[in-house]
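The values are calculated or read from the model by the stated rules, or taken from the named source; none is laboratory data. Quick caveat: nothing in here was measured; it's all calculated off a predicted structure. As a convention, Cβ positions derive from the backbone with ideal geometry for all residues, glycine included, and neighbour counts pool all protein chains shown.
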Amino acid sequence: MRRGPVLLTAAGACAALHVTGILVADPVWRYAEVVAIGLLLAYAVVSGLPALRWAVPAALAVLLLDAVRTMPADPNERYGWQVLKPGGDINALSGFESGLTACWAPLTAAAVLLVVWHRSAWRRRTAAAAAVAAVLVTGYAVVRIVDIWLTIGTDQRQYPTRTDSADAVTAVSLAVLPSLALGLTALALATALAGHHRRLGSAGAALLAVAALPHLDASIGAVPLPLYAGDRTALFAITPTLSMPQPVPALTALMELTAYLLLVTGLTGSCRPTGAAPAEPGRVVP
């Protein structure tokens, strides 16, 4: 029996367990994400790596490190003390730090792959489609910022002692930067992979760009804004229920893990490109 399909199926099963645990806010198996990415790494090695053999393992190693760092706590050590202090002014870096914590790993992985696959990969049609998608992603961030600015500005004119709109806009503008960088980098990677006829990999990168949008909403949510600010234009505003208390984080994790699976499948194994792939200096690709 070939090991590749078995590893890929097992990785998908572990990813499903991880997403289910997030959805119900109770981890089914706390090691599920770590094992899923580890199995993807094993699949990449077993199925065959492209010309630059270090790129895919390096990208997966970054994701594996982040999965270990964010692994759910042991249920037996779930309880502890937390000291809460009354809030004052808006912390301009709170949303940025939250976004960077959530996006640094996929952003780094996408950047590593983009460095390898960007050569001789830009085609007019795919570049035009990516440019339109980039405008939409950037436009969504601008719409969220402007909506918060208008909402808080209107409230501040009525109640001058409330949240300052300039501080809020600064904090929200910083908060969207990591997610925006992830979305644009993933779109550039999707364009590059499409230029090399790596269609599965390109689809995975495009899905990773979509996953940047709920990260953007979550980063804005980490900024201590009034409850009425910014909710009207939130794209991923799914109401939690008792049975599904975390639908948006679960959807984000599902998109990310599916994107990783498509990227690994599209860049390794028997999924050969029809065009030229990037080659190591001095090496001829057959």
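Candidates in region 116-142 are the residues that are surrounded by 15 or more Cβ atoms within 10 Å (Cβ to Cβ) and over 12 Å from Ala190 (Cα atoms); of these, the one that is nearest to the chain's Cα centre (by Cα) is Val137. The residue of region 44-76 that is surrounded by the most Cβ atoms within 10 Å (Cβ to Cβ), among those that are at pLDDT 90 or above and in a loop (DSSP other than H, G, I, E, B), is Met71. Among residues that are of a type in the set (Val, Ile, Thr), more than 25 Å from Trp104 (Cα to Cα) and modelled with pLDDT of 80 or more, Ile152 is included.
What number of residues within region 95-128 satisfy the criterion of being assigned to a helix (DSSP H, G or I) and either of a type in the set (Val, Ile, Thr) or over 27 Å from Ala218 (Cβ atoms) (or both)? Quick ask: steps written out before the conclusion?
Restricting attention to region 95-128, the residues satisfying the condition of being assigned to a helix (DSSP H, G or I) are 95-117, 124-128.
Filter again for either of a type in the set (Val, Ile, Thr) or over 27 Å from Ala218 (Cβ atoms) (or both), leaving 101, 108, 112, 115-117, 124-128.
Final tally of qualifying residues: 11.
Of the listed requirements (1) in contact (Cβ under 8 Å) with a residue 24 or more places away in the chain; (2) part of a loop (DSSP other than H, G, I, E, B), Gly38 misses just one: (2). Quick check on region 45-62. Is at least one of its residues among the charged types (D, E, K, R) and in contact (Cβ under 8 Å) with a residue 12 or more places away in the chain? The answer is no; no qualifying residue exists.
In region 208-239, which residue that is among the polar types (S, T, N, Q) and part of a helix (DSSP H, G or I) is surrounded by the most Cβ atoms within 10 Å (Cβ to Cβ)? Before you say what the answer is, go through the steps one by one.
Our first condition is that a residue be among the polar types (S, T, N, Q); within region 208-239, this holds for 219, 233, 239.
Filter again for part of a helix (DSSP H, G or I), leaving 219, 233.
On the way: Ser219: 29, Thr233: 15.
So, considering only residues that are among the polar types (S, T, N, Q) and part of a helix (DSSP H, G or I), the one surrounded by the most Cβ atoms within 10 Å (Cβ to Cβ) is Ser219.
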